[in-house]
Amino acid sequence: MHHCTVTLESPLPYHAPSSHPIFSPPLHPRHFVLPFSPPKTGGLHHHHHSVFTCKGIQLSVPSHGSASLVPSNGNGAGIHDWKLRSVGLKSIDVATLGNLCVDIVLNVPKLPPRSREARFAYMQELSKSPPDRKYWEAGGNCNMAIAAARLGLHCSTIGHVGDEIYGQFLLDVLREERISLVGMSEDDDIVDTSSASYETLLCWVLVDPLQRHGFCSRADFSKEPAFSWMSKLSGEVKVAIKQSKILFCNGFGFDELSPGLIMLALDYAVDVGTSIFFDPGPRGKSLMTGSPEERQALRHFLKMSDVLLLTSDEAESLTGIGNPILAGKELLKNGIRTKWVIVKMGSRGSILVTMSSISCAPAFKVNVIDTVGCGDSFVAAIAFGYIHNMPLVHTLAIANAVGAATAMGCGAGRNVATLDKVTELMRASDIKEDDEFWSELVKDLDTEEITFLSKMVINGRNIQVNHIALQKVVSELLPKLENRWLEGKVVS
């Protein structure tokens, strides 16, 4: 979450595809582990030092990239690597990699200046004394983990926090949300635990009177990742990845961890049958023009991820294609393991592209208060649908609802959508239908199956598009959500 501004824009007009360089050939810390409650099916034994154990768990380790040889079904949802390739129990639904930070959310008369030097001086002034605790919030990948946990998923975060007051705050928040934290540092890592490079990463979230946001952190002003002293995956991290169905990574992870370390985690996840979700975010553009290691890591993620999540602008910057559906098809074509490409279009809604189908879901109508954390919440719901093999348009519907429910609040972290808000929004079933926009988007496509979420189904409306009634989707989703949340609820 370390970038300067957030803007929401509609997809840019379509233009003809062109070749794009991103697809060219490649070039003493302690471990914090919080209590984690596994599913009732069992399979793990708790130890007082770690929530994970390898004892009794046997997982197959197929050859690298072999999943690409397994045929997918028509909608891309029926076959997941972790189901086919895991012999042992994967007790964690979602693990996030890196990007753990504390957001300091402050109202300011105006956003910080654009120049690097002026922004650094601005941040230094803010950092002179810790602001009141009421302005602190869990940020980064904590947003996704909290949103997923509130949907009833079992979540773990993999990353680093320091020993100071901010690190303790983050530990307390994750514990309250029933999310485990696996530390990445090892005893032989060479770092002074009292130095700034060991401290929990802070992100200053600045909000002006027009509700525009500016972001800055120390990672913005360093050529090296904040935790560049980390160089390998610990045993605890490997166990956490192995026992997870999904490993979620985003572009902001590169602000903390080296490209080499991130690729180690990606490759290990592939080897142990853990699905990869990757959201490059605004950092995708800078990774494209970054160091050789960053460019190689970005290419590797685009090829080896099971699910890619991007905004329409990000999809265009990575492919050079303005139509988000065609950009998604290009990313699928160039991927090795990629099953889904999901394009987030803000107030328009979202689309999910597979090799054989396109699913479209307009956004829910809400009074938007704050967009921070909406994309993270959206990803959590996509993970929910992926794990439960839900129909694709159902997955988009719940993701749009979770993202919209977060937008109705102020800030991210513990302010992301609750299940009550999501179900209330879905019961209202009020979406922004714009037939002209969507018809224009799909008019020149080939004969793929196109499914569209609508308020109602009108026979003969468009023979190319299969319209699914929102009320039908909601009636099927709500029992699933409520039952899954009850199963995942921990009784203290």
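Remarks
- The alpha-carbon of K339 sits under 26 angstrom from the alpha-carbons of these lysines, leaving out residues fewer than 8 places away in its chain: K83, K90, K238, K242, K245, K285, K303, K329, K443, K472, K480.
- Between C410 and R114, the FRET efficiency estimated from the beta carbon spacing at R0 = 25 angstrom works out to 0.50.
- Spacing of the two label points (7 Å from each Cα toward its C-beta) at A428 and N107, in nm: 2.3
- Computed over protein heavy atoms with a 1.4 angstrom probe, the accessible surface ordering of Y198, Y135, largest first, is Y135, Y198.
- Of the trypsin sites (Lys or Arg not before Pro) in the range 335-425, those whose Cβ has at most 16 other Cβ within 10 Å and which sit in DSSP loop: K365
- Förster radius 35 Å - calculated FRET efficiency between N367 and E448, Cβ distance, rounded to 0.05: 0.50
- Per-residue accessible area (protein heavy atoms, 1.4 Å probe) orders M408, M263, M355 as M355, M408, M263, starting from the largest.
- Computed FRET value (nearest 0.05) for K455 with N389, which takes r as the C-beta separation and R₀ as 30 Å: 0.70
- What the range 191-306 shows is 31 Å² of accessible area per residue, with the surface traced by a 1.4 Å probe over protein heavy atoms.
- Overall shape: oblate for the range 314-404, with the ratio a/c of the largest to smallest alpha carbon gyration tensor axis at 1.5 or above and b/c at least equal to a/b.
- Ranked from largest to smallest solvent-accessible area, with a 1.4 Å probe on the protein heavy atoms, L202, L89 come out as L89, L202.
- Peptides 376-383, 216-223, ordered by how many other C-beta atoms sit within 10 Å of their residues on average, highest first, read 376-383, 216-223.
- Label zone at L210 (point 7 Å along Cα-to-Cβ), backbone N below 16 Å, the range 364-380: 371
- Nearest-10 value in Å² for the accessible area of R175, using the 1.4 Å probe: 110
The values are calculated or read from the model by the stated rules, or taken from the named source; none is laboratory data. In this text, all values refer to a predicted model and were calculated from it rather than measured experimentally. Glycine gets a Cβ as well: all are built from the backbone with ideal geometry, and neighbour counts include every protein chain shown. What goes into the accessible areas is simple: the full protein's heavy atoms, side chains included, and nothing from ligands, DNA or RNA. Shrake-Rupley method; radii C 1.70, N 1.55, O 1.52, S 1.80 Å.
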